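For reference, the structure discussed in these notes is given below.
The values are calculated or read from the model by the stated rules, or taken from the named source; none is laboratory data. Remember, it's a predicted structure, so these values are computed and weren't measured experimentally. All Cβ positions, even for glycine, are placed from backbone atoms using ideal geometry, and neighbour counts span all protein chains on display.
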Amino acid sequence: MSEVFIRTASKTDIPIIQEIAYATWPSTYEHILSKEQLEYMLDMMYSTSSLENQMTQNISFFLAELNGKAVGFASTGREPMEGMFKLHKLYVLPDIQTKGIGSALLEQVVHFAKKNSGEQLVLQVNRTNNAVDFYKKKDFVVLYEADFDIGNGYQMNDYVMGKIIY
């Protein structure tokens, strides 16, 4: 496999981020979310206005490219607790998962957080998502379980996971 190139994403990359999200979410969440909840969450988190807002709220996005094609993205931002960053999103196109691209994106997020005085990285992941195993292999531990009301009668039933990064 060719080398993965990771770059900082900007507002001009929003259509690419949306394309990856819409290609990734159905296979990721088909056994977890109803079709209606999936559509609601995609619109809530990946509409152009939502992504623009995230980017202006100090959320940094990174795009992974393979052979000049965007194949994944991640986003992170500083949390109110000193030294804590949150991995908000990490998605890789389904046909190339398990090829190291998610690991490369996670490494970029850790590097970014450390460079900005980060000491801990946290994330939320659905308790039945296969990604739980990926994060455990990357030394994340389950800190606690939490259910989050996201509106429209829907909830996210997640693990909050974290790891020390300093």
Quick one: which of Lys35, Lys89 is among the basic types (Lys, Arg) and modelled with pLDDT of 95 or more?
Lys89
In segment 18-59, residues that are crowded, with 16+ Cβ neighbours inside 10 Å, β-branched (Val, Ile, Thr) and over 26 Å from Pro80 (Cα atoms) total 3
Is it fair to say Leu51 is among the hydrophobic types (A, V, I, L, M, F, W, C), closer than 25 Å to Asp149 by Cβ and free of Cβ contacts under 8 Å to residues at least 24 places away in the same chain?
no
Considering only segment 65-86, I want to know if a residue exists there that is hydroxyl-bearing (Ser, Thr, Tyr), touching a residue at least 12 places away in the same chain (Cβ under 8 Å) and in contact with a His (Cβ under 8 Å, 6 or more places away or on another chain).
yes
Test of understanding: among Leu38, Leu106, which residue is among the aliphatic types (A, V, I, L, M) and more than 19 Å from Thr8 (Cα to Cα)?
Leu38
Let me spell it out: the conditions are (1) free of Cβ contacts under 8 Å to residues at least 60 places away in the same chain; (2) outside any strand (DSSP E or B), and Thr28 meets all of them except one. Which number is the exception?
(1)
With Leu63, Leu42, Leu90 as the choices, which residue is hydrophobic (A, V, I, L, M, F, W, C) and not in a strand (DSSP E or B)?
Leu42
